[in-house]
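What follows is a single structure, written as structure tokens, with notes after it.
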Amino acid sequence: MDGVGEPLVSRMQGFGTTIFAEMSALAASTGSINLGQGFPDTDGPPAMLDAAVAAIRSGGNQYPPGPGVPELRAAVAAQRLERYGLEYDPAAEVFVTVGATEGVAASVLALAGPGDEVIVFEPYYDSYAATIALAGAERRAVTLRPSGGRFTFDPDELRAAVGPRTRLILVNSPHNPAGTVFTRAELEAIAAVCREHDLVAVTDEVYEYLTFDGAEHIPLATLDGMRERTVSVSSAGKTFSVTGWKTGWVTAPAAHIRAVQTVKQFVTYAVSAPYQRAAAYALRNELAWVEDLRASLEGKRDRLITGLEAAGFETFRPQGTYFVQADIRPLGFTDGMELARALPGKAGVVAVPTQVFYDDAEAGAHFVRFAFCKKDDVIDEAVERLRHLG
Ligand SMILES: *Cc1c(COP(=O)(O)O)cnc(C)c1O
């Protein structure tokens, strides 16, 4: 690189490698059990996999329409209506993206720019920070803190984070990594701020089906005055255990969809056609399979928590998602980054240090995140290895 200089544009410097890449590489090089990155180690519904193969075999292999194939847009509209009572016109208000990641990215890039501020709840999903930077906007984090065994925010802190330049608020519920499913009261507090300051909300609902103990996922768009100002994002990846398919969707008022499409069309133009057709099939036919997945994940959550508590961690019982937040202080550790880097050598297990998802590093210093979307014997072996840590 002598004489060439740093080729990376300055606003993306500091986003070198994601923590998942670093920790997954560490898992591979040490032969550790990877409870870092959140992907399931079992496949999605067989008939959905067959539908993708059939779509390929029947010649659906050329560019699909940029906004998505009609059957997936219709299936998404039907899902939002049946499950949440939200009506979207599949032709103008539903838009298919390369996973939820592109859905969120295209939304942020379309709706915020230099001089704008975007509110996120921290710990935040790592792509949010990078995408806000890419948009040239500024991030304002509102911290989720433990209270009564779950992570929540102080509505006053949320109100204080809003200023004259605030344009957007990113809302992830069920929340990765905190495991919080926002209650109606919490969502009302967010909605009130959005209405009062004329903000647009971008919601990341990829875990919409994966909630536990009866916790109900309530889309922000269902609250008074919010449908018109909410861009909702979801995806097939988590719902149907096909994280490698990268097939997601956005539902929003037509004007917001046009804005999102304006960005997305020049990034990827369209989304792999066979996976769209298979996702459409799954949304219409595989929700019983998803309920079995949900129930099985609830059991895996309990299995991992029991093991982590026995190993000496303090855990927070998530109401949704794939993840448990664990406090490392009862074991005598204070720095989650240090522990996460040492854990493969000490115990042969990989976790993710949650502090990388905070601006207030202090608030997240002592948490690590473990994934439980793994086979039972993998979870059992991991907690067995962790038993001798303290
Ligand atoms: C996994 C995950 C995503 C990524 O979804 P894709 O559809 O694979 O892009 C987005 N948001 C959150 C909170 C996630 O956990």
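The values are calculated or read from the model by the stated rules, or taken from the named source; none is laboratory data. What you are looking at is a predicted structure, and each value in this text was computed from that prediction instead of being measured. We place every Cβ from the backbone using ideal geometry, glycine too, and count neighbours over all the protein chains shown.
Tell me, please, whether a residue that is within 25 Å of Phe151 (Cα to Cα) and among the hydroxyl-bearing types (Ser, Thr, Tyr) can be found in segment 332-340.
Filtering segment 332-340 for residues within 25 Å of Phe151 (Cα to Cα) gives 332-340.
This time we only want the ones that are among the hydroxyl-bearing types (Ser, Thr, Tyr), so: 334.
Yes, there is a match, as at least one residue in segment 332-340 is within 25 Å of Phe151 (Cα to Cα) and among the hydroxyl-bearing types (Ser, Thr, Tyr).
Search segment 304-338 for residues being among the aliphatic types (A, V, I, L, M) and touching a His at 6+ places or on another chain (Cβ under 9 Å), and hand back the single one that is nearest to Ala382 (Cα to Cα). Don't jump to the end; show me each part of the working.
Step one: filter segment 304-338 for residues among the aliphatic types (A, V, I, L, M), giving 304-305, 308, 310-311, 324, 326, 328, 331, 337.
Still in the list and also touching a His at 6+ places or on another chain (Cβ under 9 Å): 311, 328.
Working: Ala311: 11, Ile328: 16 Å.
For segment 304-338, the residue satisfying everything is Ala311.
So which of Lys346, Lys264 is of a type outside the set (Val, Ile, Thr), over 27 Å from Glu208 (Cα atoms) and in contact (Cβ under 8 Å) with a residue 40 or more places away in the chain? Working first, answer last.
Numbers: Lys264 fails: over 27 Å from Glu208 (Cα atoms).
Step by step, each of Lys346, Lys264 is checked, and only Lys346 is of a type outside the set (Val, Ile, Thr), over 27 Å from Glu208 (Cα atoms) and in contact (Cβ under 8 Å) with a residue 40 or more places away in the chain.
Could you look through segment 246-284, keep only residues that are of a type in the set (Phe, Trp, Tyr) and under 21 Å from Thr131 (Cα atoms), and pick out the one that is surrounded by the most Cβ atoms within 10 Å (Cβ to Cβ)? Working first, answer last.
Narrowing segment 246-284 to residues of a type in the set (Phe, Trp, Tyr): 249, 266, 269, 275, 281.
Next, only the ones that are under 21 Å from Thr131 (Cα atoms) stay: 249, 266, 269.
Working: Trp249: 29, Phe266: 9, Tyr269: 11.
Going through the qualifying residues, I end up with Trp249.
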* Quick one: in segment 243-270, of everything that is within 27 Å of Asp292 (Cβ to Cβ) and not in a helix (DSSP H, G or I), which residue is farthest from the ligand (Cβ to nearest atom)? => Thr251
* Asked: Do the conditions hold for Ala342, that is, is it modelled with pLDDT of 95 or more and aliphatic (A, V, I, L, M)?
  -> no
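Conditions (1) away from the ligand (no atom under 12 Å from the Cβ); (2) touching a Ser or Thr at 6+ places or on another chain (Cβ under 8 Å); (3) among the polar types (S, T, N, Q); (4) closer than 30 Å to Arg150 by Cβ, marked per residue:
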position	(1), (2), (3), (4)
Pro65	yes, no, no, no
Glu71	yes, no, no, no
Leu86	yes, yes, no, yes
Val104	no, yes, no, yes
Val108	yes, yes, no, yes
Leu111	yes, no, no, yes
Val120	no, no, no, yes
Ala130	yes, no, no, yes
* **The one condition in (1) out of contact with any helix residue (DSSP H, G or I) (no Cβ under 7 Å at 6 or more places or on another chain); (2) in contact (Cβ under 8 Å) with a residue 60 or more places away in the chain; (3) away from the ligand (no atom under 16 Å from the Cβ) that Val9 fails to fulfil** => (2)
* Take segment 25-38 and flag every residue that is more than 14 Å from Val324 (Cα to Cα) and assigned to a loop (DSSP other than H, G, I, E, B). => Gly31, Ser32
* Structure fact -> Over segment 20-53, the set of residues of a type in the set (A, V, I, L, M), in contact (Cβ under 8 Å) with a residue 12 or more places away in the chain and more than 30 Å from Gln276 (Cβ to Cβ) is Met23, Leu26, Ala27, Ile33, Leu35
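Leu187: within 22 Å of Phe153 (Cα to Cα), free of Cβ contacts under 8 Å to residues at least 40 places away in the same chain and either crowded, with 19+ Cβ neighbours inside 10 Å or in contact with a Leu (Cβ under 9 Å, 6 or more places away or on another chain) (or both), yes or no? So that I can check it myself, show each step before the final result.
On the way: within 22 Å of Phe153 (Cα to Cα): yes; free of Cβ contacts under 8 Å to residues at least 40 places away in the same chain: yes; either crowded, with 19+ Cβ neighbours inside 10 Å or in contact with a Leu (Cβ under 9 Å, 6 or more places away or on another chain) (or both): yes.
Yes: the conditions hold for Leu187.
Looking only at segment 88-99, which residues are away from the ligand (no atom under 16 Å from the Cβ) and in contact with a strand residue (DSSP E or B) (Cβ under 9 Å, 6 or more places away or on another chain)? Let's see the steps before the verdict.
If we filter segment 88-99 for residues that are away from the ligand (no atom under 16 Å from the Cβ), which is where we start, we get 88-93.
Listed by number, the residues that qualify are Tyr88, Glu93.
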* Asked: What are the residue pairs meeting all of these: first residue in segment 78-107, first residue more than 19 Å from Val171 (Cβ to Cβ) and part of a strand (DSSP E or B), second residue within 16 Å of the ligand (Cβ to nearest atom) and of a type in the set (Ser, Thr, Tyr), Cβ atoms under 8 Å, and 6 or more apart or on different chains?
  -> Val94/Thr251; Val96/Thr247
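Check Ala27, Ala54 and return the single one that is more than 16 Å from the ligand (Cβ to nearest atom), aliphatic (A, V, I, L, M) and closer than 30 Å to Gly348 by Cβ. Steps first, answer last, please.
Numbers: Ala54 fails: closer than 30 Å to Gly348 by Cβ.
Within the list Ala27, Ala54, the selection yields Ala27.
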